[in-house]
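For reference, the structure is listed below as structure tokens.
Here, each number is a calculation from the coordinates, and none is a lab measurement. Predicted, not measured: the structure shown is a model, and the values here were computed from it. All Cβ positions, even for glycine, are placed from backbone atoms using ideal geometry, and neighbour counts span all protein chains on display.
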Amino acid sequence: MIELNNVSKWYGAFQVLDGCSTHVDKGDVVVICGPSGSGKSTLIKTVNGLEPFQQGAITVDGVSVGDPKTTLSTLRARIGMVFQNFELFPHLTVRQNLTLGQVKVLKRSAGEATEKALKYLDRVGLLAQQDKFPSQLSGGQQQRVAIARALAMDPIAMLFDEPTSALDPEMITEVLDVMVGLAQDGMTMMVVTHEMGFARKVADRIIFMDHGKIVEDSPKKEFFATPRSERAREFLARII
Ligand code: ADP
Ligand code: MG
């Protein structure tokens, strides 16, 4: 469903992605980890066209992301993205946060959009908070709203960029539980996270990045049992 072929990207003279190739099949959960600054955020942002790249190719569900003829807004509407800092619309209620994109981008009627919104708010356990504003919610609740908002667009895949790293420890589990549920329901997911408990539970493969390169791309069992690179071994030793 998602394929990256030899993707490279530079910020000026600085190479942030160096020949990255990987793929995510339908229903797969791929966890991306690696040191800070290794290019993880940049890599997943290239997948939905949030970051341009200069070399290589990315296709999502057969659509070429780098092709100037591809309408990026259409592509983005099909891929849900959840960020570290929630990025909810502060001036809209929780329910309005979920309906806006559906109405504006997918041209759904208000009634249909509200129905979807309530379905996904229920799914993340926040139906009762629908009339609140984001600032009235805890960080964990806000992140669950962000996930529900992405799901309400009926995405073909979900991208997560360190979705729990801005949360207090007691809120991490409630967000990870929602993500585990999604994974178990067969959602195609690319997840940048250092939550190795999550990775052990639901990842199919684990990618380890270092200095803009995909250093390892292994099935979960293999990655945890015998990481191939010294850098990955050191990294695992530090975070587990
Ligand atoms: P990670 O998510 O693994 O921490 P990032 O993808 O955010 O890494 O960043 C990779 C590298 O690219 C870092 O060294 C970062 O400083 C650099 N970088 C990120 N965004 C920009 C930018 N807009 N301009 C220049 N350098 C950037
Ligand atoms: Mg990052």
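Among residues other than ASN97 with Cβ under 14 Å from its Cβ, the summed charge is +4 (Lys and Arg +1, Asp and Glu -1). Give the Debye-formula value of log10 I(q)/I(0) at each listed q (0.10, 0.14, 0.15, 0.20 Å⁻¹), with one equal scatterer per alpha carbon of the range 57-165, two decimals each. Result of the Debye calculation: -0.29, -0.55, -0.63, -1.02. Across the range 86-97, rounded Karplus estimates of 3J(HN,Hα) from the backbone phi angles (6.51 cos²θ - 1.76 cosθ + 1.60, θ = phi - 60°) give 6, 6, 7, 7, x, 8, 10, 5, 4, 5, 5, 4 Hz, Gly and Pro being marked x. For the range 1-94, the C-alpha radius of gyration sits at 1.14 times the compact-globule guess of 2.2 N^0.38 Å, with N the residue count. If you wrap the tightest convex hull around every Cα atom of the range 2-238 and split its volume per residue, you get 125 Å³.
Backbone amide hydrogens, once placed in the peptide plane, bring HIS23 within less than 5 Å of LEU4, excluding anything fewer than 5 places away on its chain. Under the criterion of Cα pairs below 8 Å and six or more residues apart, the relative contact order for the range 2-238 equals 28 percent.
For the range 66-78, the Karplus equation 6.51 cos²θ - 1.76 cosθ + 1.60, evaluated at θ = phi - 60°, returns couplings of x, 5, x, 7, 6, 7, 5, 5, 5, 4, 4, 5, 8 Hz by residue, with Gly and Pro reported as x.
Evaluating 6.51 cos²θ - 1.76 cosθ + 1.60 at θ = phi - 60° for every residue in the range 35-47, the Karplus couplings come out as x, 4, x, 7, x, 4, 4, 4, 4, 6, 5, 5, 5 Hz, glycine and proline recorded as x. The fewest-to-most ranking of GLU170, GLU216 by surrounding Cβ atoms within 10 Å reads GLU170, GLU216.
With a Förster radius of 25 Å applied to the beta-carbon distance between GLU51 and THR71, the computed FRET efficiency rounds to 0.90.
Looking at the range 49-102 from every direction and averaging, what is the projected area of its Cα convex hull in nm²? It would help to have the intermediate numbers written out before the result.
On the way: hull surface 19.7 nm².
Value for the range 49-102: 4.9 nm².
Each of the peptides 181-190, 35-44 was scored by the mean count of other Cβ atoms within 10 Å over its residues; in descending order, highest first, they stand as 35-44, 181-190. The spacing between the range 224-240 and the range 1-74, judged by their C-alpha centroids, is 24 Å.
On alpha-carbon atoms, Rg over Rh for the range 5-55 using Kirkwood Rh?
Values: Rg = 11.3 Å, Rh = 11.7 Å.
Expressed as Rg/Rh, it is 0.96.
Between PHE223, PHE89, PHE14, the GNM of the chain built on Cα springs shorter than 10 angstrom shows PHE14 fluctuating the most.
What does the C-alpha gyration tensor say about the overall shape of the range 181-240? Classify as rounded when a/c is under 1.5, otherwise prolate if a/b is larger than b/c, or oblate. It comes out prolate by the Cα gyration axes. In this structure the amide hydrogen of ASP210, modeled in the peptide plane, comes within under 5 Å of the amide hydrogens of VAL215, none closer than 5 places in sequence on its chain. When the pairs LYS26/LYS69; LYS26/LYS221; LYS9/LYS220; LYS69/LYS119; LYS9/LYS69; LYS116/LYS201 are compared against a 31 Å limit on Cα-Cα distance, LYS69/LYS119 fall above it.
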